[in-house]
Amino acid sequence: MNILITGGAGFIGSHVVRRFVDNYQDYNIYNLDSLTYAGNLENLKDIDQKSNYNFIKGDIVDEYFINDLFKRIDFDGVIHLAAESHVDRSIEDPLAFVRTNIIGTVNLLNAAKNTWKKNYKDKLFYHVSTDEVYGSLGKDGLFTEETSYDPNSPYSASKASSDHFVRAYGETYGLPFVISNCSNNYGPYHFPEKLIPLFINNIIEKTPLPVYGDGKYTRDWLFVEDHSRAIDLVFHKGKNHETYNIGGFNEWQNIDLVKLLCEVMDKKLDRDVGTSQKLITYVKDRPGHDLRYAIDATKISKELGWKPSVTFEEGLEKTVDWYLSNTEWLNHVTSGGYKEYYKKMYS
Ligand code: NAD
Ligand code: DAU
């Protein structure tokens, strides 16, 4: 099998690439990534010499390049993760999200349809999406696969649009597809613009921890390797034309999560308990900030037998340990452009 994984140099993509390269040695894995600020080949240096791994640098927005790639390599499946993924950046520059998340996805769909349409048998387009397409929950309730789409940020609107295109290609052209919508991931190789890795880095550096608004926003956190295992299951066993919600059954208000992280970090760094909490600073809220996300993962659990394998406390400790023993990785990704980004967003 030739499997194309897009966005494989990013956070989740690198875990998926590693899992497929290690577990399926009879598959040829092609990692297609344009290496934006979020793409980093250091994320894959432990597997990049394996004989079933191939890296292709390219942009999914480049229609000519994508069509040519599908002509050159006979892909059996696509696992599409490449995206602009940070909500705050989408508020600054929505068009970048339209380009990659919508146009890039449609380019891939066209290339897959055009090269596969004579015989769709054993072909699959797997689109990896987010729970943010469902909008915001109030204090109660969970997102199911039947929840109506109601995106609130330019990021989630672009992901919702890409989901609709995937489904439309299934209905209109018969393209075999699956979609999964997952909650917030955390773990190793997470770029420090997102809450958990950003706060780990700031705690190490003893700089303020910028909590948006009153800190009472709620997210459902899942360890990235559990997401990667779910993607493996959905790719191999998911039903054509179906959607699967993936989540951690693990809701945390931001402020409680940040306090727990401070405690774990103080212990690991041999600092007096309470030291890092003093860095918490409430700052201006994110515009259009969704109050609460929470996933009902019953379908994937019942149909495919998936459930999270680590508790949040275990996952958070593994994550903190990883960052503390990979300071070189952290120093590389927080040098140069990162400093400009941080100044722009947080000053
Ligand atoms: P990320 O930002 O860490 O990685 C995105 C990757 O895509 C990077 O390697 C980047 O270089 C690549 N990329 C971006 N634009 C590209 C383009 N035009 N052409 C080719 N490559 C391009 O993202 P992530 O957090 O790993 O998320 C991966 C996918 O999972 C995304 O589709 C995201 O919407 C979805 N998702 C993320 C989360 C989460 O919590 N991070 C949760 C649910 C779903
Ligand atoms: O739910 C899945 C989504 O989770 C993915 O689709 C996105 O790609 C991913 O970025 C993530 O989106 P969030 O906006 O929930 O993640 P983020 O880490 O940016 O923020 C988590 C919460 O923390 C959110 O309520 C905003 C808050 N926050 C975030 C940052 C970066 C802060 O309070 N301060 C911060 O500096």
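Seen from Leu269, the other residues with C-beta closer than 15 Å to its C-beta sum to a net charge of -2, counting Lys and Arg as +1 and Asp and Glu as -1.
Legend: P(r) of the range 223-297 from all alpha carbon pair distances, 10 Å bins from 0, whole percents, reading 14, 29, 28, 20, 7, 1.
Among Gln253, Gly288, Met265, flag the residue with its Cα farthest along the positive direction of the charge dipole of the range 247-294, charges on Cβ as +1 for Lys/Arg and -1 for Asp/Glu. Value: Gly288.
What per residue convex hull volume, in Å³, comes out for the chain when only alpha-carbon positions are used?
That works out to 128 Å³ per residue.
Descending by average beta-carbon neighbour count within 10 Å, the peptides 119-127, 331-339 line up as 119-127, 331-339, the highest first.
By how many nm would the segment from His164 to Arg72 grow when fully extended, if each residue of separation counts as 0.36 nm and the alpha-carbon distance is taken off? Contour length minus Cα-Cα distance gives 30.3 nm.
Under 12 Å from a point placed 7 Å out from the Cα of Tyr346 along the Cα-to-Cβ direction: which residues of the range 209-224 have their backbone N that close? Only 209-212 pass the distance filter. Accessible surface of the range 87-173, 1.4 Å probe: 51 percent of it comes from carbon and sulfur atoms. If the chain linking Leu260 and Leu324 were pulled fully straight, counting 0.36 nm for each residue of separation and taking away their Cα-Cα distance, it would gain 21.4 nm.
Each peptide in 47-54, 182-189 was scored by the mean count of other Cβ atoms within 10 Å over its residues; highest first, the order is 182-189, 47-54. Projecting the Cα atoms of Pro94, Ala112, Thr130 onto the dipole axis of the range 81-140, where Lys and Arg carry +1 and Asp and Glu carry -1 at the beta carbon, places Ala112 farthest toward the positive end. With R₀ fixed at 45 Å, the C-beta to C-beta distance from Asp272 to Ala96 puts the FRET efficiency at about 0.55. Projecting the alpha carbon convex hull of the range 14-171 along each direction and taking the average yields 10.9 nm².
Computed from label points 7 Å out along Cα-Cβ, the spacing between Lys206 and Asp140 is 4.8 nm.
Over the range 43-167, average the accessible area per residue using a 1.4 Å probe and give it in Å², no decimals.
46 Å²
What is the calculated FRET efficiency for His236 to Asn54, with r their C-beta to C-beta distance and R₀ = 25 Å, to the nearest 0.05? FRET efficiency, His236 to Asn54: 0.75. The range 192-211 and the range 3-53 have Cα centres lying 27 Å from one another.
Near the amide H of Phe177, within less than 5 Å, lie the amide hydrogens of Phe125, His241, all on another chain or at least 5 residues away, with H placed in the peptide plane. The charge dipole of the chain, taken about its Cα centre with unit charges on the Cβ of Lys, Arg, Asp and Glu (plus for the first two, minus for the last two), comes to roughly 400 debye. The helix-based estimate of mean residue ellipticity at 222 nm for the chain, built from -39,500 (n - 2.57) per DSSP H run of four or more residues and divided by its residue count, is -12500 deg cm²/dmol to the nearest 500.
The values are calculated or read from the model by the stated rules, or taken from the named source; none is laboratory data. Every value quoted in this text rests on a predicted model; they were computed, and no experiment measured them. Ideal geometry is used to build each Cβ from the backbone, glycine not excepted, and the neighbour counts take in all protein chains shown. Please note that ligands, DNA and RNA were not included when accessible areas were found on the heavy atoms of the full protein model with its side chains. Shrake-Rupley method; radii C 1.70, N 1.55, O 1.52, S 1.80 Å.
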